[in-house]
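Notes to accompany the following structure.
Coordinate-derived values only; no laboratory data. This is a predicted model, so every value here is computed, not measured. Glycine gets a Cβ as well: all are built from the backbone with ideal geometry, and neighbour counts include every protein chain shown.
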Amino acid sequence: MEHIMTITHGYQWLTVIWWLLIGLFVVLYIILDGADLGSGVFSLFHADHEERGAIMASMAGTWDANETWLVVAGGAIFGTFPLAYGSLFHYLMIPLMVTLWGIILRAVSLEFHHHADRSKSFWGWGFGVGSLVTTFSAGVSLGAFLQGFSMSNGEVPTFNGGALDFLTPFSLWTGVTASIAASLAGGVYLRARFDRDSEIYAKALGWTNWMFFLGLIAIVSTVLWTAWQFPWARARWFGEYMWAYGLAGAVVLGATWEMRRASREQRDVSAMLWLGTIVFINFGTMMATLYPWFVPGTLTIYDAANPSNSLSAFSYAMLGFVPVMLSYNFYQAWVFRARLHKLAGYAAH
Amino acid sequence: MTDSSSLMVDLARLDFSWISTMHILYPPLTIGLASFLLFSEWRWLKTNSEEWYRLTRFFEKLFVINFGAGVATGVTMEMAFGILFGPFSQAAGPFFGNILGYETITAFMYEAGFIGLMIFGWGKISKRMHLFATFNVAFSSMLSAMWILVANSWMQSPTGVHLERGLFLVDDWTKAIFNPNFMTGFPHMLIAAFEIGLFFVAGISAWMILKNRHPQLFLRSLTAAMLALVIVAPLQVWMGDELGRTVAAHDPAALAAMEGHWHTYNADGSPNTSWNLIAWPNEAKGTNDFQIGIPHVLSLLEDHQWESVVPGLDQVKPEDRPPVLAPFYAFRIMVAAGGILMLVALWAGWLKWRGEFSVAGLQRRPWFMRAVIFSAILPYVAIWTGWWTREIARQPWIVHGLMRTSEGVSQMSIGAEIAWFIGFVVFDLLVWIGAWYFFAKVVRKGPDLESPVVDGDNPELGLGELPDATAAEGRPLFVRPTA
Ligand code: HDD
Ligand code: HEM
Ligand code: HEM
């Protein structure tokens with residue numbers, strides 16, 4: 001990979017900034033859409049016809065913006081790390097394809113459910129199934145990403161493995177973990193969005209309790225599995241900066257405790273914020289573990305980066321937009337902050 | 001670079017063309033309809049006439065369905081470059097990836113930040129803030145089209161870059177962004193979006209008037225749309241001609257394919273300026289098996305001259321020739337659609353001028369009304385065929401003259417490509433059928449004339465809260481989810 005490195009010399013700090021920003025986009029996606037997806041999963045198991053409609057109505061004004069963070073992450077990877085975009089996405093073809101099918105199903109179910117009469121229950125299920133499929137296959141993609149993939153050594157190295165390389169027990173397990181974690185986020189979200197005396201609220205209470213413990217087991221086992229399977233993770237976690245990772249772990253544990261407490265005391269919005277914090281710190285820790293790899297063991301962020309003149313052009317043009325983007329999205333979420341109750345979905349007719 | 005089996009390349013092309021064909025059904029209408037909504041909402045604020053409010057709310061319902069479908073099919077596109085055309089994405093990334101990155105940051109996220117306010121913000125934010133949200137949605141969707149067209153037109157006329165070690169490095173950003181094809185391709189696309197939006201509004205309004213459902217109300221939208229089209233439809237034909245001349249200048253092989261033009265010179269040595277009305281190309285023999293041509297029209301169209309040399313496919317090495325049949329007929333269908341749309345618009349202008357644009361006057365002219373309704377389909381046809389022309393006539397290049405499609409394709413298994421195709425046929429058809437089914441349903445149901453007109457600024461009411469839960473204290477009843 002020598003030759004590409006020579007093109008990408010310099011501007012290393014820009015590369016790092018973009019890598020961090022893309023991390024931010026991805027974690028925002030996970031936190032925001034995770035809650036939407038998780039309430040979709042909840043609706044599969046726990047909601048009646050009307051409740052499903054109400055859950056869909058609760059995210060009507062924001063799901064599109066939440067999902068768009070994924071598109072932004074994809075676009076920014078293409079813009080700033082084209083070498084990774086072209087090989088990683090090819091490697092992840094099948095899980096991404098399935099994710100896209102899930103996203104399509106969920107998106108149209110959300111729009112069509114409202115207008116449907118006879119097919120209402122079909123779109124209700126479409127919403128739930130689409131959410132579950134999206135979550136699971138996105139989780140598989142994340143696990144597969146951590147495994148890395150094989151590259152040719154031509155002038156511009158490309159992915160040269162097989163279509164099923166992504167499929168391992170580890171990536172399946174990360175898919176399961178993602179589904180459980182999202183289910184937890186969905187429950188927490190629903191409790192913050194629905195009236196305390198509504199039935200959904202009560203059901204979500206039981207659901208979050210279960211998912212909390214399942215989630216704990218799933219996440220801890222994923223972390224252990226990662227440490228066992230990946231030397232790069234082990235080296236980091238038990239290396240020079242072990243204390244820092246230990247600290248991060250302690251903070252996460254503390255936050256988990258706080259979330260539990262907030263949740264038991266029905267401080268629902270705090271519980272949601274604590275959960276967001278946990279995801280954020282976990283993700284940050286993962287990125288710290290990865291550095292300097294973009295795809296572990298496969299591409300470093302410097303290998304994958306855009307030749308520097310493009311990267312700086314991208315940065316000058318775009319960096320200023322990021323805070324603007326964040327602020328109008330916040331405004332939109334703020335407008336739709338009120339609590340709802342069960343019949344909301346039907347009020348429209 | 002790498003060699004690829006041609007079946008694999010063809011499947012990747014098929015996969016990509018299917019998803020883009022299913023995506024392009026929605027964004028132009030999003031752009032056109034958002035602009036119409038901006039107009040009608042502005043009329044409402046300006047004149048305080050309830051009719052514009054009702055129209056805005058009615059067409060907004062259709063907008064939402066279309067938007068959802070656009071998002072559902074669009075997310076696929078963003079990922080598909082890397083999945084299906086990995087090596088192309090890597091090589092072109094320094095320019096092309098940047099442009100798509102710009103798009104997601106400046107357009108999609110911008111749009112997504114306001115669309116919720118526009119659709120669900122009625123009554124929760126002030127009227128002016130709402131108009132501002134509508135403006136942002138309309139504007140950001142145009143920005144989105146602009147960036148996409150920058151990327152695509154650069155594939156047609158890649159200026160401002162050079163190839164170095166397998167990567168396209170940018171020498172001059174201005175030249176690369178404002179590449180020649182963009183300068184005419186983007187206006188043509190934007191006008192296409194307005195045209196589809198206006199004919200969509202006009203078609204539905206005409207149907208309502210013909211059925212005598214709220215005819216006075218829909219007379220307003222019909223008149224506004226048709227009057228705008230008197231300008232927009234001819235403008236599009238003119239812009240199309242400009243685009244054709246750009247193609248002639250920068251990609252003569254594509255133009256020759258679109259026109260089925262094989263021989264640069266006639267047998268007697270004079271320039272061949274014959275424009276083929278219809279033809280049956282024979283790519284193996286390098287000529288048309290059959291053709292009906294009109295002399296001089298070709299040079300008139302491409303050069304605006306009575307007789308000049310228009311390079312034919314005989315000037316292009318056989319391995320660099322694009323397919324001819326598809327671009328030739330796709331192009332003719334688009335042009336025919338553009339011509340018919342222009343005539344319908346002029347017909348409307350004439351009726352208006354004669355003072356016949358009243359409910360009674362129009363209901364006496366069912367054939368005009370039927371023509372308007374039918375015209376709502378034609379912009380879709382034109383947009384499809386236009387893009388097929390463009391993309392197929394660029395072949396065998398993925399980046400014209402610099403990179404072949406076969407070099408840009410990901411090395412995939414045939415099975416995975418077929419799975420992709422089947423999966424997206426199923427899901428995209430689900431989207432398409434669903435969208436049209438619910439369009440029809442909303443139209444059949446007609447506008448809601450009962451619920452009170454919104455007033456703005458009622459933050460206490462939550463999204464989707466039942467009106468009667470809070471109506472007791474005399475608060476308005478209007479805050480309801482609309483979609
Ligand atoms: C409402 C839609 C619509 C209408 C009425 C027309 N077009 Fe069009 N045309 C498009 C929508 C479109 C499009 C789908 O938007 C394309 C594809 C890419 C682009 O930039 O515009 C296009 C492409 C396109 C191209 C480029 C092909 C290439 O790049 O290889 C040419 C030369 C024309 N058009 C010419 C015309 C002419 C002469 C028309 C009228 C008589 C016309 N178009 C009507
Ligand atoms: C949305 C309207 C579009 C339609 C209907 C469309 C249609 C098609 C078709 C039919 C093909 C296959 C051509 C062939 O192989 O013969 C194709 C290929 C392709 N298109 Fe488009 N396209 C659209 C927009 C775009 C845009 C906006 C871009 C770029 C930003 C783009 C990039 C590509 C690429 C990379 C390929 C594959 C390489 C190739 O076959 O040349 N397309 N598209
Ligand atoms: C001429 C071709 C195209 C135009 C004019 C266009 C424009 C638009 C517009 C205005 C939207 C907003 C949503 C909607 O309209 O329903 C949209 C959606 C989308 N388009 Fe396209 N697009 C085109 C082709 C493409 C291509 C080639 C890509 C791939 C990069 C793409 C990616 C997307 C994505 C990801 C979305 C969803 C965005 C969201 O989540 O809000 N589009 N497109």
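Shielding value for B:158-170 is 3, the average number of Cβ atoms from other chains within 10 Å of each residue's Cβ. With 27 Å as the limit on Cα-Cα distance, the pairs of B:Lys46/B:Lys352; A:Lys120/B:Lys445; B:Lys352/B:Lys441; B:Lys61/B:Lys124; A:Lys120/B:Lys46; A:Lys203/B:Lys127 that go past it are B:Lys352/B:Lys441; A:Lys120/B:Lys46; A:Lys203/B:Lys127. Shielding value for A:149-161 is 3, the average number of Cβ atoms from other chains within 10 Å of each residue's Cβ.
Packing, as the average of other Cβ atoms within 10 Å across residues, places the peptides A:177-188, A:258-269 in the order A:177-188, A:258-269, highest first.
Across chain B, the relative contact order, built from alpha-carbon pairs under 8 Å that are at least six residues apart, equals 22 percent.
Per-peptide packing, taken as the mean over residues of other Cβ atoms within 10 Å, places A:210-219, A:36-45 in the sequence A:36-45, A:210-219 from highest down. Put simply, the amide H of B:Gly312, placed in the peptide plane, has neighbours under 5 Å in B:Thr264, leaving out anything fewer than 5 places away on its chain. The residues neighbouring A:Thr80, those whose beta-carbon lies less than 15 Å from its own, together hold a net charge of -3 under the Lys/Arg +1, Asp/Glu -1 convention. Per-residue shielding of B:121-130, expressed as the average number of other chain Cβ atoms within 10 Å of the residue Cβ, stands at 1. Classify the stretch B:378-440 from the C-alpha gyration tensor, please: rounded if a/c falls under 1.5, else prolate or oblate depending on whether a/b exceeds b/c. It comes out oblate by the Cα gyration axes. Screening chain A for DSSP H helices whose Cα atoms reach 20 Å or more along their own axis and whose mean Kyte hydropathy is at least 0.5 gives A:12-46, A:63-80, A:93-115, A:120-147, A:169-193, A:199-229, A:268-290, A:321-335. Amide H contacts of B:Ile398 (H built 1.01 Å from N, in plane; Pro and chain starts excluded): B:Met403, B:Arg404, B:Thr405 sit under 5 Å, all sequence-distant by 5 or more or on other chains. Going through the DSSP H helices of chain B, which span 18 Å or more along their own axis at the Cα atoms while scoring at least -1.0 as a mean Kyte-Doolittle hydropathy? Those that clear 18 Å and a mean of -1.0 are B:6-23, B:27-47, B:50-84, B:127-156, B:180-210, B:215-250, B:325-353, B:378-393, B:414-445. The sum of -39500 (n - 2.57) across all DSSP H runs of n ≥ 4, divided by the residue count of chain A, sets its helix-only mean residue ellipticity at 222 nm to -26000 deg cm²/dmol.
Computed over the stretch B:33-110, the range of Cα coordinates on each principal axis works out to 56, 21, 14 Å, biggest value leading.
When B:Leu37, B:Leu429 are ordered from fewest to most other Cβ atoms inside 10 Å of their Cβ, what list results? Working shown, then result.
On the way: B:Leu37 25, B:Leu429 11.
Ranking B:Leu37, B:Leu429 by Cβ neighbours within 10 Å, fewest first, gives B:Leu429, B:Leu37.
Taking all C-alpha pairs of the stretch B:294-334, those more than 11 Å from each other amount to 71 percent.
If we sort B:115-127, A:20-32, B:250-262 on the protection proxy, mean other Cβ atoms within 10 Å, highest first, what's the order?
Numbers: B:115-127: 23.0, A:20-32: 20.8, B:250-262: 25.2.
Result, highest mean first: B:250-262, B:115-127, A:20-32.
Checking the a/c ratio against 1.5 first, then a/b against b/c, what shape does the Cα gyration tensor give for the protein assembly as shown? Verdict is oblate for the protein assembly as shown. Amide hydrogen proximity for A:Phe294: with H placed 1.01 Å from N in the peptide plane, the residues at 5 or more positions away or on another chain lying under 5 Å are A:Leu299, A:Thr300, A:Ile301. Plainly put, the stretch A:17-118 has a radius of gyration that is 1.04 times its Kirkwood radius, both from alpha-carbon atoms, as the Rg/Rh ratio. Cα gyration tensor of the stretch A:148-307, axes a ≥ b ≥ c as square roots of the eigenvalues: rounded (a/c below 1.5), prolate (a/b > b/c) or oblate? Note, shape of the stretch A:148-307 comes out prolate.
For chain A, a Gaussian network of Cα nodes joined below 10 Å ranks A:Glu199, A:Glu111, A:Glu155 by mean-square fluctuation, and the top entry is A:Glu155. Across all directions, the average projected area of the convex hull around the alpha carbons of chain B is 25.8 nm². Dividing the summed -39500 (n - 2.57) terms of all DSSP H runs of n ≥ 4 by the residue count of chain B sets its mean residue ellipticity at 222 nm at -22000 deg cm²/dmol.
Considering only alpha-carbon pairs that sit under 8 angstrom and 6 or more positions apart, the relative contact order computed for the stretch A:245-295 is 36 percent.
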